[in-house]
Amino acid sequence: MSRILKPGSGIIFMKIGTHARESLEDIIARKTKEIEQAGVAFWGYGGNTCHPQTMVQPFAQSYKKRGSTVYLCMHPMNSK
């Protein structure tokens, strides 16, 4: 089993919409450039199971308190 995919690992799985005629590779390249230029990049996300304030942030903070890493896994999907 990989070091990431094991019981107790901090994993957030999100579907990512490939819209605006950008591939997932293009989006990641653009976000990487934003981080290099501005030191930060922002991603929009939401929904019931991935609500920023009630689900994602508390989950990430609990792993941070333990000194553990949270991994973000993104699966591309068609979106309009």
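Quick notes
- Using C-alpha pairs under 8 Å with a sequence gap of at least 6, the mean separation divided by the residue count of region 10-78 gives a relative contact order of 64 percent.
- Debye, to nearest 20: dipole size of region 10-78, +1 on Lys, Arg Cβ, -1 on Asp, Glu Cβ: 280 debye
- Between the labelled values (i) 5.4; (ii) 4.9; (iii) 6.8, the entry that holds mean projected area of the Cα convex hull in nm² as derived from this structure is (iii).
- With helices as the sole contributors, the chain gives -9500 deg cm²/dmol at 222 nm; each DSSP H run of n ≥ 4 counts as -39500 (n - 2.57), and the sum is divided by every residue.
- Calculated FRET value between T54 and N78, using beta carbons and R₀ = 22 Å, to 0.05: 0.20
Read-outs throughout are calculated quantities, based only on the coordinates presented, and are distinct from any laboratory measurement. Being a predicted model, the structure only gives us computed values, none of them experimental. Cβ sites come from the backbone with ideal geometry, for glycine too, and all protein chains shown count toward neighbours.
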